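What follows is a set of notes on a single structure, which appears directly below.
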Amino acid sequence: MRSMRFTEAIDDALAQAMARDARIVVFGEDVPLLRRDLLVRFGRERVRGTPISESAFLGAGVAAAMAGLRPVVELYMVDFIGVAMDALLNHAAKVKAFTAGKWTAPVVVRAPCGGGYGDGGQHEQSLWGWLAHIPGLTVLVPSTPADAGGLMVAALQHDGPVIFLEHKLLSESLLEFLGSGGRHTVHYDVPAEGARGPVPATWESLPIGRALLRRAGTDITLVSVGVGVHRALQAAVLLGREGVSAAVLDLRSVAPLDTAALCEAVAGTGRLLVVDEDYEGFGLSGELAAIVAQAGIDFRYARVCTQATIPYARSLEDQALPNVERIRTAALALVGARAP
Amino acid sequence: MMGADLWSLYALMRRSRLFEVEVSRLWQAGLISGEMHLGTGEEAVIAGVVSQLRPGDAMALDHRGSAAFLMRGVDPISLLREMLGRGDGLCGGRGGHMHLFSPEHLAASSGIVGASGPTASGFALAAQQLRPGAVAVAFFGEGALNQGMLMESVNLAAVWRLPVVFVCKDDGWAITTEPASSTAGTMDERVRGLGAEYQEVDGLEVERVWHAARQALERARAGMGPTFLRARCVHLEGHFLGFPLIRSLREPLRELPAMLGPLIRALLQRKGGSLRERLAGVRTVFAASLATLRDRRRHAANDPVLRARSALTSQAARLQELDVRLEQEAAAITAAALQEVEA
């Protein structure tokens, strides 16, 4: 089996899909350099740079998708989606509903997300809950190279708009570009299993909206996406040493949510701890509680999320983002054990 | 002052340069995390404008705002501590270098390209109604010209006759993208088409910037509306510290193999574009590297601080004394910034 880095896997899956489907085009800021491997294989018509005009090129990507292309539109960071939000909120997300399903916009928006490398609160947000709030948008947040490649293939085959979020701590190339810049004097807490891992010889589409149980457990269910999955897995190991058996469910897709897998996993333990790097209020963590409650499951609930604007200072940032210790403490409180 | 005082402008620029050399050192040492966008190379543009601001004037900065903060009189120790992420930094260590704010100076930064346009317009609107005669200045790069919100702001400022000076620090690069492939038309036609006054100036010459800025500021203070000042300059370190294109030139043996392997593999893959398209792709990739190789930022003649200095060498002793004092000051700022907080 091949082994690949996170972003390498996405690009490889994308290249495989581009070789099979001439409708796929890739564009975004600095794409000729960031995706140079795709550029030299597929040429300048299909891989192109854009002006710093997010509202124009994202809006154009939506309409190009409506007119037959399969665009992958790249943003430098999901934070910058604010500039182009109208294209998603009022156009990509609405066209299928407005036409009773007769017309769709199969555009893939690829955007780095997440923090943990000291870039500050305007460059490290997650925003998947905010995006998933809008009916009509699919929001994917892979946590391993294999999932990232498989979900990219799925996104390219999907008949509606997909936001594909690529966590910067998992992406060696992005972290090098933005976080270290050639330095060996900085260290970030990169989850090794997410940054590199086995991938299939040929990419197959993974089903969208299907969660994966990364670890079985009987006392508590930790649910997360992206880097949070790895933090939860680390916490689960520590909890195991303290006699608490923790399951870890990787949602992989924020919209649509795998409600069946979620309810089954929570029903099995009676305790749900959501680990969400996105903002706490009005987001994924509350949504998961609502779904499980609506299903009539008797459960206890807690969440470890980002509660406020992410501070720049590394020490403050580590506390603001869900970390292993916060997860462990919350889990122990939820199972009724006293945290030492 | 009646005319540009080159000595004081040089001192502002040199102080800023020395400060940013310290920032660079601390960043290399890993004491500053994330990205670091220095203003090295654009000091003449910043000094020429900011030295003429008065109390009550406002500044809207981009992700590269530390030089403007420093020249506006923000305490350099608290500025450096902010970059070090300390609780006693300018913003309590919570903003970082891309998100600097000083309410006392009406100075606000943003890492979102083009965002200084609307911000300056809003500051100017407040000035128009609350502080007549005060102005707002927006700093941004040439890449921001394609951001709708900046163009919309120029129009808004023109139609409302807002006291704004839009300062375009044009180094000819939007990260790794050159304007030829991203910006159609010409800047002057675009700006004039929106109804703003347009001026061009050599952004490497601080006195010229000072004079151009004086006109623009006087016009704004007199209620005659916005001016768009295009100042060509050079970013000595590229887009940010550790910029890959610059690194690959400085240390080709270390940087290039990692880039070339995957590139050649991709080039030789079956299924894809025609050979002609592939070769055109290769040319596009290397065009950016070649342009970097020919880049003006590699020549010391394009360093605005050295240029200003060379005009002062006739008074060698005074210059020497000033340089020594500024260097001592910079070292003292770093030492103070690194000091532990007294219990």
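Here are some notes:
- Comparison of A:Val141, A:Val186 shows that the only residue that is farther than 17 Å from A:Ala9 by Cβ and aliphatic (A, V, I, L, M) is A:Val186.
- Where A:Leu38 falls short, out of the listed (1) at pLDDT 95 or above; (2) within 21 Å of the chain's Cα centre (by Cα): (2)
- Unmet criterion (only one of (1) within 14 Å of chain A (Cβ to nearest Cβ); (2) free of Cβ contacts under 8 Å to residues at least 40 places away in the same chain; (3) charged (D, E, K, R)) for B:Glu237: (2)
- Residue count for segment A:47-86, restricted to those that are facing chain B (nearest Cβ under 8 Å) and over 21 Å from the mean Cα position of the chain (by Cα): 8
- Of everything in segment B:281-304 that is more than 14 Å from chain A (Cβ to nearest Cβ) and part of a helix (DSSP H, G or I), the residue that is modelled with the highest pLDDT is B:Pro304.
- Selection of strands (runs of 3 or more DSSP E) fully inside segment A:239-330 by the criterion of at least 2 residues being under 20 Å from the mean Cα position of the chain (by Cα) and among the aliphatic types (A, V, I, L, M) returns A:246-250, A:253-255, A:271-279.
- Qualifying residues in segment A:7-16 (those that are under 16 Å from B:Lys271 (Cβ atoms) and more than 11 Å from every other protein chain (Cβ to nearest Cβ)) - the one surrounded by the fewest Cβ atoms within 10 Å (Cβ to Cβ): A:Leu14
- Considering B:Arg307, B:Arg278, the condition of being part of a helix (DSSP H, G or I), of a type in the set (D, E, K, R) and without any contact (Cβ under 8 Å) to a residue 12 or more places away in the chain is satisfied by B:Arg278 alone.
- Qualifying residue in segment B:127-141 (condition: over 16 Å from A:Tyr312 (Cα atoms) and within 13 Å of another protein chain (Cβ to nearest Cβ)): yes
- Applying the set (1) free of Cβ contacts under 8 Å to residues at least 40 places away in the same chain; (2) farther than 29 Å from A:Glu124 by Cα; (3) surrounded by 17 or more Cβ atoms within 10 Å (Cβ to Cβ) to A:Arg300 leaves exactly one unmet item: (3).
- For first residues located in segment B:329-343 and modelled with pLDDT of 95 or more, partners that are polar (S, T, N, Q) and in a helix (DSSP H, G or I) and lie 6+ apart or on another chain with Cβ distances below 8 Å do not occur.
- Residues in segment A:210-242 that are surrounded by fewer than 19 Cβ atoms within 10 Å (Cβ to Cβ) and without any contact (Cβ under 8 Å) to a residue 60 or more places away in the chain: A:Arg210, A:Leu213, A:Arg215, A:Ala216, A:Thr218, A:Val237, A:Gly240, A:Arg241.
- Checking B:Ile264 against (1) in contact with a Pro (Cβ under 9 Å, 6 or more places away or on another chain); (2) β-branched (Val, Ile, Thr); (3) part of a helix (DSSP H, G or I), the condition it does not meet: (1)
- Candidate set: segment B:17-42, residues that are away from chain A (no Cβ under 14 Å) and under 30 Å from A:Tyr188 (Cα atoms); chosen: the one nearest to the chain's Cα centre (by Cα): B:Gly39
- In segment B:242-290, the residues that are among the basic types (Lys, Arg), over 26 Å from the mean Cα position of the chain (by Cα) and either assigned by TED's automatic domain parsing to the domain that holds B:Ser182 or under 25 Å from B:Thr40 (Cβ atoms) (or both): B:Arg254
- Just one of the numbered conditions (1) away from chain B (no Cβ under 11 Å); (2) of a type outside the set (A, V, I, L, M, F, W, C); (3) not in a strand (DSSP E or B) is not true of A:Ser3: (3).
- Residue match in segment B:51-66 (condition: surrounded by 21 or more Cβ atoms within 10 Å (Cβ to Cβ) and in a helix (DSSP H, G or I)): yes
- Hits in segment B:112-134 (condition: within 20 Å of B:Arg192 (Cα to Cα) and either crowded, with 24+ Cβ neighbours inside 10 Å or polar (S, T, N, Q) (or both)): B:Gly114, B:Ser116, B:Gly117, B:Ala120, B:Ser121, B:Ala124
- When residues of segment A:98-137 are limited to those that are of a type in the set (Val, Ile, Thr) and out of contact with any Gly (no Cβ under 6 Å at 6 or more places or on another chain), the one farthest from A:Val254 (Cα to Cα): A:Thr99
- Scanning segment A:176-200 for residues that are in contact with a strand residue (DSSP E or B) (Cβ under 6 Å, 6 or more places away or on another chain) and either surrounded by 21 or more Cβ atoms within 10 Å (Cβ to Cβ) or part of a loop (DSSP other than H, G, I, E, B) (or both) turns up just one, A:Val199.
- You will find that of B:Gly111, B:Gly122, the residue that is within 14 Å of chain A (Cβ to nearest Cβ) and among the small types (Gly, Ala, Ser) is B:Gly111 and no other.
- Between B:His239, B:His235, the distinction of being over 26 Å from A:Ile81 (Cα atoms), at pLDDT below 95 and within 17 Å of the chain's Cα centre (by Cα) belongs to B:His235 only.
- When B:Gly273 is tested against (1) at the interface with another protein chain (Cβ under 8 Å from one of its Cβ atoms); (2) at pLDDT 90 or above; (3) in a helix (DSSP H, G or I), exactly one condition is not met: (3).
- Residues being free of Cβ contacts under 8 Å to residues at least 40 places away in the same chain and within 13 Å of the chain's Cα centre (by Cα) - total across segment A:97-153: 0
- Filter result for A:Leu233 (modelled with pLDDT of 95 or more and within 20 Å of A:Ala333 (Cα to Cα)): yes
- Within the option set B:Cys91, B:Cys168, being surrounded by 23 or more Cβ atoms within 10 Å (Cβ to Cβ) and modelled with pLDDT of 95 or more holds for one residue only, B:Cys168.
- Condition met for A:Ala87 (touching a strand residue (DSSP E or B) at 6+ places or on another chain (Cβ under 8 Å), hydrophobic (A, V, I, L, M, F, W, C) and assigned by TED's automatic domain parsing to the domain that holds A:Leu178): no
- Looking only at segment A:112-142, and only at residues there that are part of a strand (DSSP E or B) and more than 14 Å from chain B (Cβ to nearest Cβ), the one that is nearest to A:Phe177 (Cα to Cα): A:Cys113
- Criterion: of a type in the set (D, E, K, R), within 14 Å of chain A (Cβ to nearest Cβ) and part of a helix (DSSP H, G or I) - qualifying residue of B:Arg86, B:Arg81, B:Arg94: B:Arg81
- Condition check for A:Leu39 on (1) in contact with a Pro (Cβ under 9 Å, 6 or more places away or on another chain); (2) under 20 Å from A:His91 (Cβ atoms); (3) within 7 Å of chain B (Cβ to nearest Cβ): one failure, at (2).
The values are calculated or read from the model by the stated rules, or taken from the named source; none is laboratory data. Because the structure is a prediction, the values reported are computed rather than measured. Here Cβ is always computed from backbone atoms with ideal geometry, including for glycine, and neighbour counts include all displayed protein chains.
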